[in-house]
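Contents: one structure, followed by commentary.
A short reminder: the numbers here are calculations on the coordinates, not readings from a lab. On a predicted model such as this, the values are computed, not experimentally measured, just so you know. All Cβ positions, glycine included, derive from the backbone under ideal geometry; neighbour counts span all protein chains shown.
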Amino acid sequence: MKLKFILCCFLLVNFINLLHSQQIFKYDIKNYQVQLTKNVENKFVLEIKQKNKLLLKKIFPLLRLYFYNLDSQPEDEMILLAGIIKGNDTLNTLYVYTFEDKFKFCDSIYLDKYLPEFYQFDFDENFFIKVYDFEIEKLFPSTRKELPFTFFYLNNCLLELDNVASFEEYEAEINYLVDEIYDLKRNLNCENEKIKNDYQRLLACLYLNLINSSKTFDFENFVNKNYLCDDKELFLKKINSLFKSE
């Protein structure tokens with residue numbers, strides 16, 4: 001009798017949870033079923049099944065779900081953007097799963113508070129993930145919003161850097177940054193911390209984008225000609241330490 005009562009309570013709780021669950025998304029890919037719901041605690045529940053066999057079940061406080069083809073294989077990858085709230089910010093991590101051959105986890109990138117962007121440079125090719133480098137804000141805080149970025153594609157289930165398909169994007173950004181640096185240089189006042197911080201931020205963005213694009217450029221010579229403040233050596237040490245940490 002006691003066992004029957006416990007079983008009835010268990011079934012009742014599950015029935016109530018089903019009533020309060022809210023289906024957000026349902027998608028079939030190959031012979032897999034992807035379902036995203038919200039539970040009674042207002043959290044996201046992701047389930048992946050194959051012929052009704054549960055392969056994955058995860059609960060997230062915040063979740064965005066994308067499907068893009070990130071490699072040369074025919075099937076889309078599943079991209080999870082999982083977020084947690086910390087203070088006034090939402091901190092995000094990107095996870096990539098593949099359905100090629102079999103369903104499995106591939107790779108991940110920590111994004112901090114920035115969201116990724118998805119690019120397709122050639123309509124017949126795969127998509128690329130554009131990721132902004134948040135580390136620069138720690139060394140070069142500024143009122144400027146510019147950040148260096150990298151492009152990733154999927155190769156053998158690993159996220160790898162790209163500087164070929166995305167070259168024109170880098171080239172346009174580098175030209176823009178050089179123009180902004182020259183423009184700010186005209187009003188550069190080394191006693192004004194805000195202006196100097198903005199100037200350093202632009203130079204740091206230029207430096208990292210040059211590295212990410214593998215573009216040949218004598219950055220140190222550029223700094224020697226254009227950085228007029230007396231803390232140039234300290235600035236170069238900071239920027240080199242940022243590169244080494246990468």
Taking Cα atoms only, helix 2-20 is inclined relative to the longest principal axis of the chain by an angle, in degrees rounded to 10, of 50
Checked against a 20 Å limit on the C-alpha separation, the offending pairs among Lys130/Lys238; Lys138/Lys232; Lys130/Lys225; Lys130/Lys215 are Lys130/Lys238; Lys130/Lys225
Final fewest-first order of Arg201, Arg144 on the 10 Å Cβ neighbour count is Arg144, Arg201
Once phi for every residue in the stretch 224-232 is put through the Karplus expression 6.51 cos²θ - 1.76 cosθ + 1.60 (θ = phi - 60°), the whole-Hz ³J(HN,Hα) values, with Gly and Pro written as x, are 4, 7, 10, 9, 9, 7, 7, 9, 4
Spelling it out for Leu111: with amide H atoms placed in the peptide plane at 1.01 Å from N, the residues 5 or more places away or on another chain with amide H under 5 Å from its amide H are Asn92, Thr93, Leu94
Taking max minus min of the Cα coordinates of the chain on each principal axis, largest first, gives extents in Å of 85, 41, 26
Along the stretch 122-128, Karplus-curve 3J(HN,Hα) (6.51, -1.76, 1.60; θ = phi - 60°) to the nearest Hz, with x for Gly and Pro, reads 10, 4, 9, 10, 7, 8, 10
The rounded separation in angstrom of the Cα centers of the stretch 138-155 and the stretch 171-202 is 16
To the nearest 20 debye, the stretch 61-245 has a Cα-centred charge dipole, built from +1 on Lys and Arg Cβ and -1 on Asp and Glu Cβ, of 940
Taking Cα pairs closer than 8 Å and at least 6 residues apart, the relative contact order of the stretch 125-246 in percent is 27
